[in-house]
Amino acid sequence: MRKFSWMLLVLLAFSVYAEDEDLLVVGSAKELKGITAKKIIWKKDGAKMVVIPANSSGTRTTVVEANYDNFGDLVTSKKKLIVRATDAFYMDAYEVTVGQFKKFLKASGYKPDYPINWNQVYEYSPTEKHPMIYVTWHDATAYAKWAGKRLPTKVEWEWAARGGWIDKEYPWGNDETEAENYANSDGIDGKDKWKYCAPVGSFKPNRYGLFDMAGNVWEWCQDWYDSDEDSRVLQGGSCLSNTPDLRVVPRLSGLHPTSRYNFNGVRCVSGLN
């Protein structure tokens, strides 16, 4: 029985590898024009990418706008409907790994403004299959530019994270207990056997085939956090986040673009033009 189980694992691993080998390799956004494949391999960094369909009707999100007085008491409260639309695009199926980021540094000659402490990186993300951390917004942008891609907008990120669900709280739906199967985060058991970051793809993907859209590492987006233009948006939560921070639309997190923390990571996208 044990021998049969091992044979099944080998066959499964081979089938996944063979599937990746058969994927179309794309080298630039220009080459994406006319391509209808649901999955591709991006030539520069070897990332698997999946297509995210257009959302022409827009994501409808209801937010509550509350005003408080100087004593913290509620004065007014009203609901506001926000509609956000996106064109189709491709998104990395996984967060950028330590191995991919090292390849970028060696090939590009990029010099971070603040040196990366690799002892700290390996403390929380110990192998080349783990997500790259201690990434500033400038590092993330430089990586994306080198690869011929870009960072997602927060609207694109939100639409992709939902996986086709409309007005659901999490990438997998509304059931908080399912977090144990989809997210590496704080206080959740289930599949989580890692103290900190998990190797990318260790949990279930959402319905678009995107892994770790909740938990593991926060992911930088293009957008400014607010009108002060002092911080950039991060999405998705990390392995130290509690369940509310895993929501597709949580309290947005924003950090200064030069911030280098142990759970800041990156995932790239490319438009179809």
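By the gyration tensor of its Cα atoms, with a ≥ b ≥ c the square roots of the eigenvalues, what is the shape of segment 78-237: rounded for a/c under 1.5, prolate for a/b over b/c, or oblate?
Details: a/c = 1.79, a/b = 1.20, b/c = 1.50.
Oblate shape, in that a/c is at least 1.5 and b/c is the bigger or equal ratio.
So for each of 40-47, 107-114 I average, over its residues, the number of other beta carbons within 10 Å; can you give me the resulting order with the highest mean first? Write down the numbers at each step before the final one.
Working: 40-47: 18.5, 107-114: 11.5.
So the peptides 40-47, 107-114, ranked by packing, come out 40-47, 107-114.
Under 5 Å between amide H atoms, partner at least 5 residues away or on a different chain: which partners does residue 97 have, H built in plane at 1.01 Å?
Amide H to amide H, under 5 Å and 5 or more residues apart or across chains, residue 97 pairs with 132.
List the aspartates and glutamates whose alpha-carbon lies under 18 Å from that of residue 43, not counting same-chain residues fewer than 8 positions away?
19, 20, 21, 22, 31, 92, 95
For segment 167-257, what percent of Cα pairs sit more than 15 Å apart?
Values: 2304 of 4095 pairs.
Value for segment 167-257: 56 percent of Cα pairs lie more than 15 Å apart.
Percent relative contact order of segment 157-273, based on C-alpha pairs within less than 8 angstrom and at least six residues apart? Write down the numbers at each step before the final one.
On the way: 221 pairs, mean separation 29.3, N = 117.
Relative contact order, segment 157-273: 25 percent.
For residue 222, list long-range residues whose amide hydrogen, built 1.01 Å from N in the peptide plane, is under 5 Å from its own amide hydrogen.
Under 5 Å from the amide H of residue 222: 153, 154.
Roughly speaking, what is the centre-to-centre gap between segment 205-244 and segment 254-273 when only Cα atoms are used, to the nearest Å?
Taking the Cα centre of segment 254-273 as reference, the centre of segment 205-244 is 8 Å away.
All of the numbers you see were taken from the coordinates with simple rules; none came from a lab. Note that the coordinates shown come from a computational prediction; the quantities given were computed from them, not determined experimentally. We place every Cβ from the backbone using ideal geometry, glycine too, and count neighbours over all the protein chains shown.
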